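The values are calculated or read from the model by the stated rules, or taken from the named source; none is laboratory data. These numbers were taken from a predicted model, which means no experiment stands behind them. Every residue, glycine as well, gets a Cβ built from its backbone with ideal geometry; the counts of neighbours run over all protein chains shown.
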Amino acid sequence: MRVLTVVLCGLLLTACGSSNDTDDTVTGATAIESGSGKVTLGVNSYLWHASLDTLAFMPLASADPFGGVIITDWYSAPDDTNERMKITVYILDRTLRADGLKIAVFRQTRSGETWADAAVNPDMSVRLEDAILARARELRLASENTGS
């Protein structure tokens, strides 16, 4: 009788558990197969690839796909070498959501040989986020149409 009670309690507890297995094709999570099994990265692959695509014109200083951080190096436009920009992208979630992305923009201007921090147009981060999100949606739609 005791064994039956223990088994029933075990089944009851198992039924109460929740399954947190989300489909990687829905979330856009990046998965890597290894000898010990599948490792899922902590960022949304659509946002990751869209960020890299959008910032492709800038040199990269660092890109961490596990932590979801992309840091560009300083970039000066060819037509204005007295101003430079640096961008940091934070991908905060595994799902494709607008609030899963944060962007920090840094700007400097040159006076003589010295670079000094300058104000950034607050709209710049919003426009970059919009561009990245639009590209991420394109990538997601493209992957759904190809069935991969």
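Can you tell me which condition Met85 does not meet? The list is (1) surrounded by 14 or more Cβ atoms within 10 Å (Cβ to Cβ); (2) in a helix (DSSP H, G or I); (3) at pLDDT 95 or above, and all the others hold.
All conditions are met except number (2).
Taking Val120 as meeting all but one of (1) surrounded by 12 or more Cβ atoms within 10 Å (Cβ to Cβ); (2) free of Cβ contacts under 8 Å to residues at least 40 places away in the same chain; (3) not in a loop (DSSP other than H, G, I, E, B), write down the number of the exception.
With (1) surrounded by 12 or more Cβ atoms within 10 Å (Cβ to Cβ); (2) free of Cβ contacts under 8 Å to residues at least 40 places away in the same chain; (3) not in a loop (DSSP other than H, G, I, E, B) applied to Val120, the lone miss is (3).
Could you give every pair whose Cβ atoms fall below 9 Å, whose first residue belongs to region 49-65 and is on the phi > 0 side of the Ramachandran plot, and whose second residue is modelled with pLDDT under 95 and β-branched (Val, Ile, Thr), counting only separations of at least 6 or pairs across chains?
From residues that are on the phi > 0 side of the Ramachandran plot, there are no pairs.
I'd like to check something: does region 123-146 contain any residue that is more than 15 Å from Ile91 (Cα to Cα) and outside any helix (DSSP H, G or I)?
The answer is no, given that none of the residues of region 123-146 is more than 15 Å from Ile91 (Cα to Cα) and outside any helix (DSSP H, G or I).
From Asp73, Asp93, Asp53, which residue is charged (D, E, K, R) and modelled with pLDDT under 90? Spell out how you get there, then give the answer.
Numbers: Asp73 fails: modelled with pLDDT under 90; Asp53 fails: modelled with pLDDT under 90.
Testing whether each residue is charged (D, E, K, R) and modelled with pLDDT under 90 leaves just Asp93.
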